[in-house]
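The values are calculated or read from the model by the stated rules, or taken from the named source; none is laboratory data. Please read these numbers as outputs of a predicted model, since none were measured by experiment. Using ideal geometry, Cβ is built from the backbone for each residue, glycine included, and neighbour counts are taken over all protein chains shown.
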Amino acid sequence: MKSIKNLTRFTYETTAFLGWRLTISRGGTVFTKYFSDKKYGDEKKSFAAGETALAGLKALLDGSKRVKGKHTAAVIRKVEKLLEKA
């Protein structure tokens, strides 16, 4: 599978981690979540979980209000909860 914007494949021979990294930056804050092949079963399932989380993040972040160009603490907490559940 090929990486897409904000969802990058990590396959390093020297580390134990194989999976996808979701990284998105909005309103001056960077959000990151790793989706391990081991946890989700295989590469396709971890990618699907990452894509689902990315879609939810984009909807939440793009639809939220900003104060002076930054997201509020409440929005950041919502995003962090969404990433914990993913």
Positions within segment 1-44 being basic (Lys, Arg), at pLDDT below 90 and within 19 Å of Glu84 (Cβ to Cβ), in sequence order: Arg26
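For segment 57-71, how many residues are loosely packed, with under 11 Cβ neighbours inside 10 Å and part of a loop (DSSP other than H, G, I, E, B)?
4
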- request: Please enumerate the residues belonging to segment 6-17 that are more than 15 Å from Ala49 (Cα to Cα), not in a strand (DSSP E or B) and not small (Gly, Ala, Ser).
  value: Tyr12, Glu13, Thr14, Thr15, Phe17
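Could you grab me the full set of residues in segment 22-44 that are in contact with a helix residue (DSSP H, G or I) (Cβ under 8 Å, 6 or more places away or on another chain) and of a type in the set (D, E, K, R)?
Arg26, Lys33, Asp37, Lys39, Glu43
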- prompt: Does segment 1-37 hold any residues that are under 22 Å from His71 (Cα atoms) and among the β-branched types (Val, Ile, Thr), and which are they?
  reply: Thr23, Ile24, Thr29, Val30, Thr32
field: Matching residues, segment 19-56, being within 9 Å of the chain's Cα centre (by Cα) and charged (D, E, K, R)
entry: Arg21, Lys33, Glu51
statement: Subset of segment 1-34, residues surrounded by 14 or more Cβ atoms within 10 Å (Cβ to Cβ) and among the basic types (Lys, Arg), comes to Arg9, Arg21, Arg26, Lys33
Near pairs, Cβ below 7 angstrom, 6+ apart or cross-chain, from segment 27-52 (assigned to a strand (DSSP E or B)) to any residue that is charged (D, E, K, R): Thr32/Arg21; Tyr34/Arg21
